[in-house]
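Remarks on the structure that follows.
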Amino acid sequence: MGELIQQGVSGSLIGVAIFYLLSSLLVKQWVRIDIYQLLLFMAVAFLVAIVCEVGLGKLYYLVMGKPLWQYHVWPIHDGYTSALNFIIWPVYGFYQYCFHHVLTRKNLHLRPYWLMGLVSGLDGPILEILANGFFLLFYQTFYFYYLPEDMRHFTSIQVVPLYMIMGVILTVVLKQLRERPPSWLYPIVFYSAGAAFIFIG
């Protein structure tokens, strides 16, 4: 277990560094971190992503008669997710925080707001390729394995609509929470719920 957590932490730290440096480069100054907003993004992304991952994965199985992906590292919930995602998915929230910061600084806004969630259909598969590439390079295993061969099992074009659905849900939930007065209860509850979902897996 310790080795698995080390793998997750190492990959997450590299991801955080890349996202932060890239977003700082795009806005031409260091991104200033609002701790509350960052933790809110990370906690909400964790819960929404891990629940959607399992739910949409099972829905795909019901429709197509076979799974779209299977996790190879610490699989839970019939292989639709990984217990290591208590580290990995919050990093996706960090990415979303940086992405939102860049759009705000560039004064780029999509209307209606939930359309921003559709972008996840494009960036999600790219991030999956990077994640699997990292695990293959350093640990000689796929983190998750896509059964279709269209993207060499790193990801699949078929996952794009699933990422779009998850992205819209994440965008709507974050918008509602960010419009409310700040409360540390929100990130605590969302992260705890995600951890509980992993525990019952």
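Overview of results
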read-out: Residue among P125, P187, P161, P181 that alone is within 26 Å of V31 (Cβ to Cβ), out of contact with any Leu (no Cβ under 8 Å at 6 or more places or on another chain), of a type outside the set (D, E, K, R) and surrounded by 12 or more Cβ atoms within 10 Å (Cβ to Cβ); value: P125
read-out: Criterion violated by I18 - all others in (1) more than 22 Å from P125 (Cβ to Cβ); (2) under 18 Å from the mean Cα position of the chain (by Cα) satisfied; value: (1)
read-out: Test: residue in region 99-119 that is touching a helix residue (DSSP H, G or I) at 6+ places or on another chain (Cβ under 6 Å), closer than 16 Å to G57 by Cβ and either at pLDDT below 95 or surrounded by 15 or more Cβ atoms within 10 Å (Cβ to Cβ) (or both); value: no
read-out: Residue identified as out of contact with any helix residue (DSSP H, G or I) (no Cβ under 8 Å at 6 or more places or on another chain) and over 26 Å from E3 (Cα atoms) among Q176, Q140; value: Q176
read-out: Filter result for I14 (among the β-branched types (V, I, T) and either buried (at least 21 other Cβ atoms within 10 Å of the Cβ) or at pLDDT 95 or above (or both)); value: yes
read-out: Scope region 142-188; condition in a loop (DSSP other than H, G, I, E, B), more than 20 Å from S82 (Cα to Cα) and not aromatic (F, W, Y); matching residues; value: E149, D150, M151, R152, E179, R180, P181, P182, S183
read-out: Test: residue in region 51-74 that is of a type outside the set (D, E, K, R), in contact with a Pro (Cβ under 7 Å, 6 or more places away or on another chain), free of Cβ contacts under 8 Å to residues at least 40 places away in the same chain and surrounded by fewer than 19 Cβ atoms within 10 Å (Cβ to Cβ); value: yes
read-out: Members of region 111-141 found to be within 23 Å of V48 (Cα to Cα) and assigned to a loop (DSSP other than H, G, I, E, B), listed by number; value: R111, P112
read-out: Residues within region 27-47 that are part of a helix (DSSP H, G or I) and either among the β-branched types (V, I, T) or buried (at least 16 other Cβ atoms within 10 Å of the Cβ) (or both), tallied; value: 13
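The values are calculated or read from the model by the stated rules, or taken from the named source; none is laboratory data. Computed from a predicted structure; not experimentally measured. Don't worry about glycine lacking a Cβ; one is built from the backbone with ideal geometry, like all the others, and counts go over all protein chains shown.
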